[in-house]
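*Asks:* Before anything else, here's the structure in question.
Where a number appears in this text, it was derived from the coordinates with a stated rule and is not lab data. Values in this document were obtained by computation on a predicted structure and should not be read as measured data. Quick reminder, even Gly has a Cβ in these numbers, built from the backbone with ideal geometry, and neighbours come from all protein chains shown.
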Amino acid sequence: MKRLRLIIEREFIAKVRNKSFIVMTFLSPLLMIGMGALVFFLMKKNDEKVKKIVYVDESGMFSKDVFKDSKTVKYEDFTALGIDDSKKKVEEGDYYGALYIPKQDSIEVLAKSIEFFSKDSPSMSIMERLEDKIDKELRHKKLTNFGIDIAHIEESKISSEIKMFNFSGEKSSKLINGLKIGVGAIAGYLLMMFVMIYGTSVMRSVIEEKTSRIIEVIVSSVKPFQLMLGKIIGNASAGLLQFFIWGILFLVFSLVASSFFGIDMMEMQSAKVSPEQMEAIQQTATNKGEMIVQEIFRLPLVKMFFLFIFYFLGGYMLYSSLFAAVGAAVDNETDTQQFMMPIMLPLILAVYVGFATVINDPHGPVSVIFSYIPFTSPIVMLMRIPFGVAWWEIAISMLLLILTFMVIVWIAAKIYRVGILMYGKKPTYKDLWKWIRYNG
């Protein structure tokens, strides 16, 4: 045990003293916050920019009331100029584009003949808004032609809103579900990235020691299994330290944000909010941004943080055992390619299942099954947690992950102890199978 502890200390100290580790530990949260703020700022600036659109209506079907100005779009009637002169004006002036509505014999033909000219590819949102305006007006024209009173049609329109509750009385909404999807997706993606980064770090460390022949000296003093386990635990400890620092930074940021928005974070995390309280929260929120922050603090963030730590450790130790075995089997990093794909496929599959299935149906059979499979559960289960998962499901997932880790470590150790002293031969899957079966 003393030798194992020394290996763990050596790997841990080597990792945390690395300049890139120190820089990324403190810089990564700031970069993420900065990038999020930058994207939000750019989106806001883009929305604030007023776009001027000219229209030429040769059909005479569209009044100026159809093309009403909004905060971001201004319309100008260039029908008198004609489409050719209007296109020149747009090309030479500070205009976004020109909408051309030609004269046609029928509404059906007209609907397929409208054109839009612009200097660059137009925004999809702008085009959708224009199409909505045109569709609505043409629909009204057709209803009038059929002798149907449009006023009655407008009066008959009603917008339903289904209020969502679970059996514990908590209210949900599209905004809340969207936030759950976002938080779960970010957590799952981050876990995949960390497992890959720390797992490949273990593999490179093994290859480096093997190629420099240092490994021959080390294994004369410690067992190969102890060396492999020491590397895995040492890197995992460095990862935990990094997460601990990030947790503190996140807590500080949360306290600052909660005080800025006037939110009692501890109360939001601990207390269940009744439907009436939920209505009051939404009514008192001065803007959508404030309401989003309030809803984020209502998510089980503390529970997610600790489960993230567990699944990171479980997923990391499971995959890093395989990465260590691959590192021991090869002489250089280029030879690892043939073995990397089978290791990476479950991670890629987990992300695919998460985004394709969990987002649409977090409690469906596919989501549940993949949250139990140890090779995919760290990512899939994390994406399900914000939607509420029964404690026994989490317990089963954890137990299966631990048991599978023990089996994989045993298999990886068999490959590691033989491969670590093998040189000059490019291993095959047949060789790996022989090493696993070897009992010498």
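*Asks:* For residue 123, what residues show an amide H to amide H distance below 5 Å, using hydrogens built from the backbone and excluding near sequence neighbours?
*Replies:* Those lying under 5 Å, H to H, from residue 123: there are none.
*Asks:* Which ³J(HN,Hα) values, rounded to whole Hz and listed in residue order, are derived for the range 303-317 from phi using the Karplus coefficients 6.51, -1.76 and 1.60 in 6.51 cos²θ - 1.76 cosθ + 1.60 with θ = phi - 60°, glycine and proline given as x?
*Replies:* Karplus-based 3J(HN,Hα) across the range 303-317 equals 4, 5, 5, 5, 5, 4, 4, 4, 6, 5, 4, x, x, 4, 5 Hz.
*Asks:* May I ask for the distance between the Cα centers of the range 349-371 and the range 379-440, given as a whole number of Å?
*Replies:* About 22 Å separates the Cα centre of the range 349-371 from the one of the range 379-440.
*Asks:* Something else now. Please identify, among 68, 112, 223, the residue showing maximal mean-square fluctuation in a Gaussian network model of the chain using a 10 angstrom Cα cutoff.
*Replies:* 112
*Asks:* Provide the net charge surrounding residue 142, with neighbours chosen by a C-beta distance below 12 Å and charges set as Lys +1, Arg +1, Asp -1, Glu -1.
*Replies:* 0
*Asks:* I need the P(r) histogram for the chain: all alpha carbon pairs, bin width 10 Å from 0 out to the longest distance, whole percents.
*Replies:* 4, 16, 19, 18, 15, 13, 9, 5, 2, 0
*Asks:* Now for a different question. Where in the range 384-426 does the label zone of residue 338 land, with the point 7 angstrom along Cα→C-beta and an amide N cut-off under 13 Å?
*Replies:* 425-426
*Asks:* OK, next. If I take R0 = 45 Å and measure r between the Cβ atoms of residue 391 and residue 1 in this structure, what FRET efficiency does the formula 1/(1 + (r/R0)^6) give, to the nearest 0.05?
*Replies:* Working from the Cβ atoms, E equals 0.85.
*Asks:* In what order do 140, 152 fall by count of nearby beta-carbon atoms within 10 Å, going from fewest to most?
*Replies:* Sorted ascending by nearby Cβ count, the order is 152, 140.
*Asks:* Let me ask you something else. Would you mind calculating the relative contact order of the chain from Cα pairs under 8 angstrom and at least 6 residues apart, reporting the percent as a whole number?
*Replies:* The value is 18 percent.
*Asks:* Mind ranking 412-422, 235-245, 372-382 by how tightly packed they are, going by the mean number of other C-beta atoms within 10 angstrom, highest first?
*Replies:* 372-382, 412-422, 235-245
*Asks:* Still on this structure, I have one more. What list of ³J(HN,Hα) couplings, whole Hz, do you get for the range 423-431 from phi and the Karplus terms 6.51, -1.76, 1.60, once you set θ to phi - 60° and write x for glycine and proline?
*Replies:* 10, x, 10, 7, x, 10, 5, 5, 5
*Asks:* So what's the back-of-envelope 222 nm ellipticity for the chain, counting only DSSP H runs of four-plus at -39500 (n - 2.57) apiece and dividing by all residues, rounded to 500?
*Replies:* Rounded to the nearest 500, the figure is -22500 deg cm²/dmol.
*Asks:* Looking at the chain only, what percent of DSSP beta bridges run antiparallel? Nearest 5 please.
*Replies:* The antiparallel proportion sits near 40 percent.
*Asks:* If amide hydrogens are placed 1.01 Å from N in the peptide plane, which non-local residues have theirs closer than 5 Å to the one on residue 76?
*Replies:* Close amide H contacts, sequence-distant or interchain: 53, 54, 55.
*Asks:* Per residue, what volume in Å³ does the Cα convex hull of the range 296-440 take up?
*Replies:* Dividing the Cα hull volume of the range 296-440 by its residues yields 123 Å³.
*Asks:* Considering only DSSP beta bridges with both partners in the range 51-142, what is the antiparallel share in %, to the nearest 5?
*Replies:* 30 percent
*Asks:* Tell me, in nm to one decimal, what length is gained between residue 216 and residue 24 on full extension, where the rule is 0.36 nm per residue of separation less the Cα-Cα distance?
*Replies:* Fully extending the segment from residue 216 to residue 24 adds 65.8 nm.
*Asks:* Run the simple label-point estimate for residue 125 and residue 68 please: 7 Å along Cα→C-beta, distance reported in nm.
*Replies:* Once both label points are built, they end up 2.0 nm from each other.
*Asks:* Quick check: Cα centre of the range 82-145 to Cα centre of the range 189-236, how many Å?
*Replies:* 63 Å
*Asks:* Further question: Report, in debye and to the nearest 20, how large the dipole of the range 90-236 comes out about its Cα centre when Lys and Arg carry +1 and Asp and Glu carry -1 on their Cβ.
*Replies:* In debye, rounded to 20, the range 90-236 gives about 1000.
*Asks:* When a footprinting reagent is the concern and you count Cβ atoms within 10 Å, what order do 321, 106, 205, 28 take, fewest first?
*Replies:* 106, 28, 205, 321
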